[in-house]
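The values are calculated or read from the model by the stated rules, or taken from the named source; none is laboratory data. Values in this document were obtained by computation on a predicted structure and should not be read as measured data. Backbone-built Cβ (ideal geometry, glycine too); neighbour counts: all protein chains shown.
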Amino acid sequence: MAAIVIGIGALAVVGLRVVQDRVLANAVAQDAGEAAVEAAAAAVADAYVAHLAGLRRLAFAVPRPTADVTRLLADPATREAARSAAVEAAARSGAAFEGTVDARCVGGSIQVELHHAGRLHRAAVPADACFPR
Amino acid sequence: MSDDRGQAIVEFALVLPVLLVVALAIVLVAELGVARLALQRATAEAARAGALTNDDEQIRGTLAATVAPLAPERVTSAIAPPRDEPPRNGDPRGSLLTVRASYTLPVPLGFVGLPRFVVTASATRRIEWTP
């Protein structure tokens with residue numbers, strides 16, 4: 001009788017631990033994805049601010065240059081900065097990110113997206129220059 | 001008939017301690033799971049607060065505020081890199097900030113020498129704060 005009770009108990013404890021480990025791994029992957037997309041969005045925001053600062057320096061040029069966010073987001077240097085920021089943040093969060101980072105204008109903001117561990121993660125950066133002129 | 005009943009009571013008395021230990025183990029494992037998830041979520045929130053403010057007090061405050069249902073006084077935390085070391089004492093924007101936390105699970109009957117369970121979690125965020 002005692003052996004049966006111990007057996008059932010051990011099974012319950014091991015089962016609980018296995019399920020817990022899966023739930024926690026899921027939470028860690030979710031967190032790594034969030035860290036990655038936030039890092040990528042911050043890198044894109046830095047590039048956007050640098051772009052605006054560059055335009056400000058040319059404020060008196062003729063013709064006056066205008067912000068081209070679509071071109072900035074398609075620039076391989078911007079994309080690589082966002083990707084490497086995501087890779088670094090995910091690695092420090094205990095996960096490997098190997099995908100790509102997409103960034104595009106949506107309304108008045110830059111939307112940054114990436115897929116990690118089967119999930120879509122999104123972050124947005126306010127960007128007035130995204131509004132169609 | 002009365003002999004059979006006596007035997008059942010003796011068997012139950014023998015099995016009862018085992019049953020109690022098994023029930024305690026199941027409750028402990030469940031508590032452990034709750035603590036691991038809560039601590040993971042809280043460190044993520046604290047690291048996010050650190051990324052936005054670069055302020056240790058804000059980080060620890062956020063950790064304490066989001067660690068429920070765990071008792072904040074049982075949570076210890078470490079922030080890396082420290083506030084008074086580079087890059088955090090200069091312009092840290094773009095560098096990474098890691099918050100580590102550990103929680104000692106209160107064990108029922110701990111006074112009889114049951115082992116202490118310590119749960120740990122960490123989270124990293126890219127610092128967005130600028131001086």
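Quick rundown of the values:
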| item | result |
| --- | --- |
| Test: residue in segment A:109-123 that is outside any loop (DSSP other than H, G, I, E, B), within 30 Å of B:Leu32 (Cα to Cα) and of a type in the set (Gly, Ala, Ser) | no |
| Any hit, segment A:52-75, residues being facing chain B (nearest Cβ under 9 Å) and of a type in the set (Asp, Glu) | no |
| Tally of residues being part of a loop (DSSP other than H, G, I, E, B), free of Cβ contacts under 8 Å to residues at least 60 places away in the same chain and on the phi < 0 side of the Ramachandran plot across segment A:93-108 | 5 |
| Flag for B:Glu85 being over 25 Å from A:Val87 (Cα atoms), charged (D, E, K, R), surrounded by fewer than 16 Cβ atoms within 10 Å (Cβ to Cβ) and out of contact with any strand residue (DSSP E or B) (no Cβ under 6 Å at 6 or more places or on another chain) | no |
| Residue check for B:Ala101: modelled with pLDDT of 95 or more, surrounded by 15 or more Cβ atoms within 10 Å (Cβ to Cβ), assigned to a helix (DSSP H, G or I) and within 14 Å of chain A (Cβ to nearest Cβ) | no |
| Number of the condition not met by B:Arg74 [criteria: (1) touching a residue at least 24 places away in the same chain (Cβ under 8 Å); (2) within 14 Å of another protein chain (Cβ to nearest Cβ)] | (2) |
| Which listed residue, of B:Arg60, B:Arg93, B:Arg88, B:Arg125, is touching a helix residue (DSSP H, G or I) at 6+ places or on another chain (Cβ under 8 Å), part of a loop (DSSP other than H, G, I, E, B) and of a type in the set (Lys, Arg) | B:Arg93 |
| Search result, residues across segment A:63-83 that are surrounded by 15 or more Cβ atoms within 10 Å (Cβ to Cβ) and either free of Cβ contacts under 8 Å to residues at least 60 places away in the same chain or not in a helix (DSSP H, G or I) (or both) | A:Ala67, A:Leu72, A:Leu73, A:Thr78, A:Arg79, A:Ala81, A:Ala82, A:Arg83 |
| Close pairs (8 angstrom Cβ cut-off, 6 or more residues apart or separate chains): more than 14 Å from every other protein chain (Cβ to nearest Cβ) in segment B:110-130, among the aliphatic types (A, V, I, L, M) anywhere | B:Leu114/B:Val107; B:Pro115/B:Val107; B:Arg116/B:Leu105; B:Arg116/B:Val107; B:Val118/B:Leu105 |
| Which numbered condition B:Ala80 misses (of (1) of a type in the set (A, V, I, L, M); (2) surrounded by fewer than 20 Cβ atoms within 10 Å (Cβ to Cβ); (3) within 30 Å of B:Ala23 (Cβ to Cβ)) | (3) |
| Any hit, segment A:69-89, residues being among the polar types (S, T, N, Q) and closer than 30 Å to B:Ser122 by Cα | yes |
| Residue in segment A:54-61 that is closer than 23 Å to B:Thr98 by Cα, part of a helix (DSSP H, G or I), over 12 Å from the mean Cα position of the chain (by Cα) and free of Cβ contacts under 8 Å to residues at least 40 places away in the same chain present | no |
| All positions within segment B:50-70 that are touching a residue at least 24 places away in the same chain (Cβ under 8 Å), within 13 Å of the chain's Cα centre (by Cα) and more than 14 Å from chain A (Cβ to nearest Cβ) | B:Leu63, B:Val67, B:Ala68, B:Pro69, B:Leu70 |
| Search result, residues across segment B:34-49 that are at the interface with chain A (Cβ under 8 Å from one of its Cβ atoms) and either of a type in the set (A, V, I, L, M) or under 9 Å from the mean Cα position of the chain (by Cα) (or both) | B:Arg36, B:Leu37, B:Gln40, B:Ala44, B:Ala47 |
